[in-house]
């Protein structure tokens with residue numbers, strides 16, 4: 001099936017950037033990784049479209065760059081400092097604050113754990129597919145997920161429930 | 001609790017996915033970059049063919065040359081403008097022995113230990129402060145320029161440190177940004193910003209007023225005996241130094257540069273090479289080359305060439321690595 005490169009880029013760039021951004025937590029790096037993956041795809045477009053199709057190829061290229069390149073990012077883009085003590089949020093700010101706290105914690109996870117988290121909880125992929133993308137066993141995926149969730153659970157501020165009980 | 005964490009995780013990922021960049025110019029950028037690489041591959045193939053003909057019988061060059069002679073490649077008579085010029089070997093290093101910012105951060109309670117770096121070829125000072133309004137940690141960052149930095153948006157006149165100044169406002173993908181710009185002395189302009197969100201002008205002015213009028217120094221992580229001829233050092237932090245080729249604009253990224261880092265020792269990958277008295281691993285990937293030199297204490301020196309910096313030869317990369325030494329100030333990088 002013929003797929004036009006320009007049409008593919010225009011249609012799929014937003015989704016690819018969201019994927020890369022969730023992996024990296026950094027807009028510039030997300031653009032870098034996506035651009036690099038698309039450049040590689042462009043240079044072998046005919047072979048890719050005749051094989052697995054462009055979307056799986058580009059997504060895997062983004063993922064592999066994220067995992068294997070030592071530090072493509074700038075030195076400014078590093079994990080945030082430890083969050084200070086602060087009161088449990090309330091009112092309209094609750095949801096935003098909770099989401100931001102989780103986002104901050106996600107950025108501190110090791111890259112392999114972050115990749116598993118994004119693939120499992122944003123892309124909704126089964127562990128077997130995540131294992132195929134990462135080049136590891138499903139058991140390893142489960143171990144990464146377990147460690148990531150444990151770290152998040154330990155660090156998260158309890159959410160205030162209706163009635164004021166955490 | 002685990003189920004709750006998973007739900008919060010899904011929700012945070014959904015929320016923050018919307019913060020991803022739009023990538024409006026992605027197609028143009030990708031096609032241009034792909035074309036540039038194709039042209040570079042053609043030039044490289046032609047150069048290799050010419051070299052093979054001139055050399056007659058091919059002679060393998062050992063990765064570690066015993067003599068520190070410079071390798072000077074004859075430049076091609078014509079080359080596309082987008083292609084990096086050939087690297088004319090290595091020269092004695094002109095890397096900065098120290099990093100100095102013209103002012104000193106205020107030693108205030110609640111403020112973090114300031115960092116002094118070289119960033120995008122400019123002296124840079126950064127200091128964090130706990131800030132509930134900013135949702136956690138906010139950082140003041142000041143950059144020194146030899147001339148007035150280009151304004152990114154409309155300016156409002158003000159005064160700071162007894163000098164005329166301007167508050168500049170602009171918007172980017174993260175929202176409204178604001179900086180305070182003033183001329184500290186005839187040869188020094190300072191631009192002060194905050195991360196991750198803009199601070200109000202009064203807060204910027206208060207921090208600027210608290211800066212002390214004496215230089216402050218930052219650590220330098222490595223000493224270098226050699227560096228690529230014509231390249232410059234554009235970033236120095238406790239964990240990394242980047243060398244920028246002459247046709248690459250200095251910025252804060254590692255792309256298209258040689259990045260030297262201190263990292264935890266990874267699994268060996270690539271080809272074993274001798275680097276001075278040490279062993280190392282040279283690993284080529286599609287658009288990058290990495291040389292890892294384990295130091296024997298769980299740390300490694302890592303030399304990473306990316307993009308346009310891959311014009312540096314393997315032999316020169318190994319020679320540069322052999323002349324690189326970590327200082328006691330070097331820190332292992334993360335990420």
Length-normalised contact order for the range B:149-291 - Cα pairs under 8 Å, 6+ apart - percent: 10 percent
Centre separation in Å (Cα based) which lies between the range B:292-324 and the range B:184-212: 38 Å
Over the range B:237-312, relative contact order from alpha-carbon pairs under 8 Å, at least 6 apart, %: 31 percent
Packing-based ranking, highest mean first, of B:308-314, A:126-132, B:205-211 given that Cβ atoms within 10 Å are counted: B:308-314, B:205-211, A:126-132
Sorted peptide list for B:243-249, A:31-37, criterion being average Cβ within 10 angstrom, highest first: A:31-37, B:243-249
Residues of the range A:11-51 with amide N under 19 Å of the 7 Å Cα→Cβ point at residue B:36: A:28-44
In nm, spacing of pseudo-spin labels at residue A:154 and residue B:284 (7 Å Cα→C-beta vector): 4.3 nm
Test item: B:92-98 mean partner chain Cβ contacts at 10 Å: 0
Distance (nanometres) between label positions extended 7 Å along Cα→Cβ at residue A:43 and residue B:7: 4.7 nm
Averaged over A:11-22, number of beta-carbon atoms from partner chains that fall within 10 Å: 5
Shielding of B:287-293 by partner chains, average beta-carbon count, 10 Å: 2
Contour minus Cα-Cα distance for residue B:155 and residue B:24 (0.36 nm per residue): 44.4 nm
Highest-first arrangement of B:155-162, B:21-28, where packing means the average Cβ count within 10 Å: B:21-28, B:155-162
Residue order, fewest to most surrounding Cβ atoms within 10 angstrom, among B:179, B:216, B:115: B:216, B:115, B:179
Exposure proxy ranking, count of Cβ atoms within 10 Å, fewest first, for B:170, A:103: B:170, A:103
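Rule-based calculations on the coordinates, nothing more; no lab input. All figures in this text were calculated on a predicted structure; none of them were measured in a lab. Because the Cβ atoms are built from the backbone with ideal geometry, glycine has one as well, and the counts that use them run over all protein chains shown.
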